[in-house]
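Working notes, structure below.
The values are calculated or read from the model by the stated rules, or taken from the named source; none is laboratory data. These figures come from a predicted structure and were not determined experimentally. Here the Cβ positions follow ideal geometry from the backbone for every residue, glycine too, while neighbour counts run over all protein chains shown. Only protein heavy atoms, including side chains, enter the accessible area calculation; ligands, DNA and RNA are left aside. Shrake-Rupley method; radii C 1.70, N 1.55, O 1.52, S 1.80 Å.
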Amino acid sequence: MGYPETNMISEEHCERTHSSRYAYIDLLRCLAAFLVILLHCIAGYTGNTALFGTRTWWACDIINSFARMGVPLFFMVSGFLLLSSEKTDCVQTFYKNRVSRLCVPFLFWDIVYYFESCVLEGRSPGLLPFLNELTRQGSKYHLWFVYQIMALYLLMPFLKKIVDGSTRRELHLFVVLLQPTVFRFINIVQRAVYIAPFLAVVEGYAGFLLTGYLLGTRPITRRRRAAVYAIGCVGLAGGIIGNFLFSSPEKIVMYFSEGYSIVQYMTAGALFLLLKETTDHLPKRLLRLAGSLSKRTVGIYLIHVLFLDICSGVMLRLRPALSPSLRIVYSFLVVSTASVCAAYILSKIPLLRRPSRARLKKRWYSIGCITSKAVAYFRNSSTWRHRMAFKMAMKATPTSANTASHMVAAPKAPSSSTAPLTPRANQMFCFTIRRVFREMRMAVAIFAGLSSISTTSAASMAASEPRAPM
């Protein structure tokens, strides 16, 4: 069986995906977040030359090759969801929604990590050093992901137009533009012949967006799924063995674990397809748990390094008492649990929580209802009626231009609408004049009293000063 020639999803696949697409997407998000935490927990042991060749290093090498799929899975999920969404077509709306979701939490955590680094390194904080770090990769090593995903968001609407206007064969041909990534990997592995037929057109993490879209929207036959799984296993084994062959007790080299090497495409693509096809057979309780956690994966990713720094300081003190394997396990469990709890608590704070569109509409509707009720209540009050009566009566008061003495000696007769208000206006005018004069008299009396007090105090102070001897 072949694929359909267009980039539209089949009806059977749409019905199947409507019920389960978000389930496996939630699982992928949660798995990617925990894989990133695990990768950062073992980072200090994988690059340790003193452990090279030991069981601990081999275990870390295996975990490292598997955990490297975390970031590619994030990119592939974003590519699948955004390239298959109609909301990506409008460039202005897409930029406004996506950038606002990332900028606020990113700036908050970048400031937090900047002050943390200042405390740990013993340097005084300043605006210029902070801006220096902000314009590069952020104040912490894991914040590079936010910069990269923002760059991919800038590319997304244009990539969406390419995807919508291309057939399946044309999309596969588009993958040829990613060949500089393959050439880069080959040039790292072997130094004899440098392969670079053309410069990079679309290189790096942009390929994961297209890979996630192709794997997520295309129905794949059983035979081809088996081929993708086999390619993923080969990539995983090749990464483990390749890292060992290119490393030595003098230097640890992780060529096969680089962010967008061909190995990451092989392993992450196989895992993406595996969860897509097996999600329906997983327990419903696990899917509900993944659904609740997937909403907080961004917060878990941003906050986990803070707890990892705290946990690393504690583990340094317990180093003689714990083996490296136990330290890795304890660090992963503690950091994961603390990050999930902290992300859950922070998501309940209204100022840090980004409301949905439905909630925003409901909130503005409530504000509008309250405002209209307040205006109606104020208009029905006696204050409003007196104010409006006074404004209308002022048109016929003795001081107005219509009744001034320098005008016509015989003024026009008041109209029927203002005739009943003229006596009321005279009373209100007299009452206002009396009130104003009373306030003025009180102000004059207060001022005179203060002047007498200040004069008396100055005279008493002058009398109390000692006189110079004669």
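Quick rundown of the values:
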{"quantity": "Any pair with Cβ under 6 angstrom, 6 or more apart, that starts in segment 48-60 at a residue that is without any contact (Cβ under 8 Å) to a residue 40 or more places away in the chain and ends at one that is assigned to a helix (DSSP H, G or I)", "calculated": "57/51"}
{"quantity": "Where residue 302 falls short, out of the listed (1) touching a Phe, Trp or Tyr at 6+ places or on another chain (Cβ under 6 Å); (2) open to solvent by less than 40 Å² (accessible area, probe 1.4 Å); (3) under 26 Å from residue 57 (Cα atoms); (4) not hydroxyl-bearing (Ser, Thr, Tyr)", "calculated": "(3)"}
{"quantity": "Segment 176-200: number of residues that are in a helix (DSSP H, G or I) and at pLDDT 65 or above", "calculated": "7"}
{"quantity": "Residue under evaluation residue 89, criteria (1) more than 24 Å from residue 133 (Cα to Cα); (2) open to solvent by less than 50 Å² (accessible area, probe 1.4 Å), criterion not met", "calculated": "(2)"}
{"quantity": "Matching residues, segment 305-336, being part of a helix (DSSP H, G or I), open to solvent by less than 50 Å² (accessible area, probe 1.4 Å) and of a type outside the set (Val, Ile, Thr)", "calculated": "306, 308, 309, 311, 313, 315, 324, 327, 331, 336"}
{"quantity": "Total residues in segment 230-259, condition touching a helix residue (DSSP H, G or I) at 6+ places or on another chain (Cβ under 8 Å) and either closer than 29 Å to residue 174 by Cβ or open to solvent by 50 Å² or more (accessible area, probe 1.4 Å) (or both)", "calculated": "19"}
{"quantity": "Some residue of segment 221-229 being more than 29 Å from the chain's Cα centre (by Cα), open to solvent by 60 Å² or more (accessible area, probe 1.4 Å) and among the hydroxyl-bearing types (Ser, Thr, Tyr)", "calculated": "yes"}
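Yes or no, residue by residue, for (1) part of a helix (DSSP H, G or I); (2) open to solvent by 40 Å² or more (accessible area, probe 1.4 Å):
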{"site": "58", "(1), (2)": "yes, yes"}
{"site": "63", "(1), (2)": "yes, yes"}
{"site": "79", "(1), (2)": "yes, no"}
{"site": "82", "(1), (2)": "yes, no"}
{"site": "111", "(1), (2)": "yes, yes"}
{"site": "139", "(1), (2)": "no, no"}
{"site": "151", "(1), (2)": "yes, yes"}
